[in-house]
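Below: one structure, written as structure tokens.
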Amino acid sequence: GKHRIVIPCLGHFKEEYEKVSKLYMNNRIRTTKYTLLNFLPRNLFEQFHRVANLYFLFLVVLNWVPLVEAFQKEITMLPLVAVLTIIAVKDGLEDYSKYKMDKQINNLLTKVYSR
């Protein structure tokens, strides 16, 4: 069968631990969806999967055509921009609270069995 080698991060085993631990992923918990770099594109991508947002986007694009223009271009954009902004703020706050909870869990003290 498969065997697992556990090397303690103590005393004279420290160098061996550093060498072996580079080969494996860490065991940190990450439940967040976004990072600072991908928040805006990923959030917009997810929001435009909703039919209502696509409908309002269609109205905004359609209103830019001079023959079909029913309202001022800026007025047509207001509902869409407001909804996208509110949902983005809500998603950002939820993701930040997940980040804080993950950080708290990842920094918990654990007990290690040692003979």
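The values are calculated or read from the model by the stated rules, or taken from the named source; none is laboratory data. Only a predicted model underlies this, so the values are computations on that prediction, with no experimental measurement involved. Cβ sites come from the backbone with ideal geometry, for glycine too, and all protein chains shown count toward neighbours. In case anyone asks, the SASA skips ligands and DNA or RNA and just uses the protein heavy atoms, side chains included. Shrake-Rupley method; radii C 1.70, N 1.55, O 1.52, S 1.80 Å.
Residue pairs, Cβ under 6 Å, 6 or more apart or interchain, first in segment 17-41 and at pLDDT below 75, second surrounded by 10 or more Cβ atoms within 10 Å (Cβ to Cβ). List them.
Short answer, once both residue conditions are applied: Y17/I7; Y17/C9; V20/I7.
Filter segment 94-115 down to the residues that are modelled with pLDDT of 90 or more and open to solvent by 80 Å² or more (accessible area, probe 1.4 Å) and list them by number.
Residues satisfying the conditions are E94, Y96, K98, Y99, K100, M101, K103, Q104.
So, restricting to helices (runs of 4 or more DSSP H) that lie completely within segment 1-93, which ones have at least 3 residues that are farther than 27 Å from Q104 by Cβ and open to solvent by 80 Å² or more (accessible area, probe 1.4 Å)?
14-21, 51-63
With the requirement that a residue be within 15 Å of the chain's Cα centre (by Cα) and either within 13 Å of L84 (Cβ to Cβ) or not charged (D, E, K, R) (or both), what does segment 19-41 give you?
Matches in segment 19-41: I29, T31, T32, Y34, T35, L36, L37, N38, F39, L40, P41.
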